[in-house]
Amino acid sequence: MRVVSELSSSTRSSGAVLGLRCRECHRDYPVAAAHVCEFCFGPLEIAYDHSVWARTVSRASIEAGPQTMWRYAELLPAGADPDTRVDLGAGMTRLVRAHNLGRALGMAELWVKDDSANPTHSFKDRVVSVALSKAVEFGFTTVSCASTGNLANSVAAHASRAGLRAVVFIPADLEAGKVVATGIYGQTLVAVTGSYDDVNRLCAEVAGELPWAFVNVNVRPYYAEGSKTVGYEIAEQLGWRLPAQVIAPVASGSLMTKVDKGFRELAALGLVADTPYAIFGAQASGCSPVATAWKNGWDVVRPVKPSTIAKSLAIGNPADGPYAIDVAKRTGGALEDVSDEEIVAGIRLLAETEGIFAETAGGVVVASMQRLLATGQLAAGAPTVLLNTGDGLKTLDAVAAVSQPSYTIAPSLDAFRASGAADPVTLKGVQR
Ligand SMILES: *Cc1c(COP(=O)(O)O)cnc(C)c1O
Ligand SMILES: [Zn+2]
């Protein structure tokens, strides 16, 4: 195991953290900046002493916390001390009852967990806040990541807030919105001429050379735990109950597995009733290694070369793919994938029915939900939460062609009359 020895290994972590544990062979390791088991190369996860949680965590203790994801600090592996926590206020985003979209799709109780409202407009702020809090506790002064865009935005912003140096790596063909929204924080942005998977491979090599905290390499076990807060918040915002169905976008597959982990932890602690739930994963057909493995009944996820407008989900070799499949299998969920045209239609449908402008990942989720419904895999009558993980303003190009002025006219009343813009028959928009 790589432990960066010149850095302080003493940490003030959550009292319940026992250390790291291999997901495959269950060997235990001390708390360190490490992510791979040295015996079997399995991924390391945080191991907790659940009896500590049983003593310290209650609905009341959580409800007394801040209106951010840090109300669950006790259940996270970093950031116990609010003074050293790296925090821009991520989390406690809206859980919106989607009456209109539900009606359009024939669903009885549909909700949208809208993570586009996070500080840098994607759910990545949750994982980054935990990862950088842990990096600071370890004594790192430079943080880094390989990113499909949103992670770069979030790492750069949180690093600037915390006075850390950030070096973030992105594929050179990223959406302009994501490049600009990262560069503005004044950190070092390295564009690599290659796919995300090339960028990730490069990052793993750099991580072997430099004493930096790589949020999705050596501090990934801490990073990944931040996604549990999506599950916690959904349960709390539903009045401390679990939904029957959740649909999550899948890139590396981590978010999907951690929503499940969050639900299981709340049920084990008795904070929610242990009711059954199914977790579904959504991918773009242009990068659907996990959905493809699911549909073919493979137990390995075969890497693909991504080609889709859903760039935030374009990971061809997803680290948590097999675990995402396990979650779908165990909970009675499934994985689905949709075309770029369906993604655009999904973005429009969510915007036109609920006033929520999602990035491409949100379109993937809406369109996949429609397919899961049409094929009878999703139950229309059961309480369902769909995750919108990012803001449409970051992927404007994806929908620019279908979102233009209805009319362009001269500034005169005559021109307005002649245009037909006020004619009820030609009024553009969804009819309900
Ligand atoms: C990163 C990301 C995801 C999925 O993340 P994984 O945990 O890697 O599966 C989903 N949506 C958006 C917008 C993202 O940026
Ligand atoms: Zn192992």
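For segment 376-420, what are the residues that are part of a helix (DSSP H, G or I), more than 16 Å from ligand 1 (Cβ to nearest atom) and open to solvent by 70 Å² or more (accessible area, probe 1.4 Å)? Steps first, answer last, please.
The first filter runs over segment 376-420 and keeps only residues part of a helix (DSSP H, G or I), leaving 392-402, 413-419.
Now restrict to residues that are more than 16 Å from ligand 1 (Cβ to nearest atom): 400-402, 413-419.
Once the filter is applied, which keeps residues that are part of a helix (DSSP H, G or I), more than 16 Å from ligand 1 (Cβ to nearest atom) and open to solvent by 70 Å² or more (accessible area, probe 1.4 Å), segment 376-420 yields A401, L413, D414, F416, R417, A418.
When you scan segment 287-333, how many residues do you find that are among the acidic types (D, E), surrounded by 13 or more Cβ atoms within 10 Å (Cβ to Cβ) and away from ligand 1 (no atom under 13 Å from the Cβ)?
Result for segment 287-333: 1.
Out of E175, E109, report the one residue that is farther than 18 Å from K228 by Cα, acidic (D, E), touching a residue at least 24 places away in the same chain (Cβ under 8 Å) and surrounded by fewer than 20 Cβ atoms within 10 Å (Cβ to Cβ).
Values: E175 fails: surrounded by fewer than 20 Cβ atoms within 10 Å (Cβ to Cβ).
Just a single option satisfies the conditions, and that option is E109.
Just checking, does segment 311-333 include any residue being within 16 Å of ligand 2 (Cβ to nearest atom) and outside any helix (DSSP H, G or I)?
Residues of segment 311-333 that are within 16 Å of ligand 2 (Cβ to nearest atom), as a first pass: 319-320, 322-323.
Now narrow it down to the ones that are outside any helix (DSSP H, G or I): 319-320.
Yes; the residues of segment 311-333 include at least one that is within 16 Å of ligand 2 (Cβ to nearest atom) and outside any helix (DSSP H, G or I).
Among the residues of segment 96-130, what is the count of those that are assigned to a helix (DSSP H, G or I), more than 12 Å from ligand 1 (Cβ to nearest atom) and farther than 13 Å from A157 by Cα?
9
Based on this model, can you work out whether A166 counts as among the aliphatic types (A, V, I, L, M), more than 16 Å from ligand 1 (Cβ to nearest atom) and buried (at least 24 other Cβ atoms within 10 Å of the Cβ)? Lay out the reasoning, then the answer.
Values: among the aliphatic types (A, V, I, L, M): yes; more than 16 Å from ligand 1 (Cβ to nearest atom): yes; buried (at least 24 other Cβ atoms within 10 Å of the Cβ): yes.
So A166 fits the description; yes.
Residues are listed down the side, and each one gets a yes or a no for (1) touching a Phe, Trp or Tyr at 6+ places or on another chain (Cβ under 7 Å); (2) open to solvent by 50 Å² or more (accessible area, probe 1.4 Å):
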residue	(1), (2)
Y29	no, no
F41	no, yes
H50	no, yes
R55	no, yes
A60	no, yes
G79	yes, no
D83	no, yes
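How about segment 343-374: which of its residues are in contact (Cβ under 8 Å) with a residue 24 or more places away in the chain, open to solvent by 50 Å² or more (accessible area, probe 1.4 Å) and away from ligand 1 (no atom under 16 Å from the Cβ)?
R348, E352, Q370, R371, listed by residue number.
What number of residues within segment 139-156 are outside any loop (DSSP other than H, G, I, E, B) and surrounded by fewer than 22 Cβ atoms within 10 Å (Cβ to Cβ)?
1
Quick one: is A166 within 14 Å of V219 (Cβ to Cβ) and in a strand (DSSP E or B)?
Working: within 14 Å of V219 (Cβ to Cβ): yes; in a strand (DSSP E or B): yes.
So A166 passes the test.
Can you work out which of the residues in segment 13-27 that are farther than 17 Å from T257 by Cβ and touching a residue at least 60 places away in the same chain (Cβ under 8 Å) is surrounded by the fewest Cβ atoms within 10 Å (Cβ to Cβ)?
Looking at the filtered set, the residue picked out is G15.
Would you call G106 touching a helix residue (DSSP H, G or I) at 6+ places or on another chain (Cβ under 9 Å) and at positive phi?
Numbers: touching a helix residue (DSSP H, G or I) at 6+ places or on another chain (Cβ under 9 Å): yes; at positive phi: yes.
Taking the combined requirement at face value, the residue satisfies it.
Quick grid of which residues meet (1) in contact with a strand residue (DSSP E or B) (Cβ under 9 Å, 6 or more places away or on another chain); (2) at pLDDT 95 or above:
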{"position": "S9", "(1), (2)": "no, no"}
{"position": "R23", "(1), (2)": "yes, yes"}
{"position": "V36", "(1), (2)": "yes, yes"}
{"position": "D49", "(1), (2)": "yes, yes"}
{"position": "W53", "(1), (2)": "no, yes"}
{"position": "M69", "(1), (2)": "no, yes"}
{"position": "E74", "(1), (2)": "no, yes"}
{"position": "T84", "(1), (2)": "no, no"}
{"position": "L110", "(1), (2)": "yes, yes"}
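Name the one entry in G186, G177, G194 that is in contact with a helix residue (DSSP H, G or I) (Cβ under 7 Å, 6 or more places away or on another chain) and within 17 Å of A314 (Cα to Cα). Please lay out each step first, then the result.
Values: G186 fails: within 17 Å of A314 (Cα to Cα); G194 fails: in contact with a helix residue (DSSP H, G or I) (Cβ under 7 Å, 6 or more places away or on another chain).
One residue alone meets the criteria, G177.
Restricting the search to segment 250-276, which residues are part of a loop (DSSP other than H, G, I, E, B) and either among the acidic types (D, E) or over 19 Å from the mean Cα position of the chain (by Cα) (or both)?
L269, G270, L271, V272, A273, D274, T275, P276
The values are calculated or read from the model by the stated rules, or taken from the named source; none is laboratory data. If you're wondering where the values come from, they're calculated on a predicted model, not measured in any experiment. Neighbour counts run over all protein chains shown; Cβ positions are idealised from the backbone, glycine included. Ligands, DNA and RNA are stripped out before the accessible areas are found, and what is left, the full protein with its side chains, is counted by its heavy atoms. Shrake-Rupley method; radii C 1.70, N 1.55, O 1.52, S 1.80 Å.
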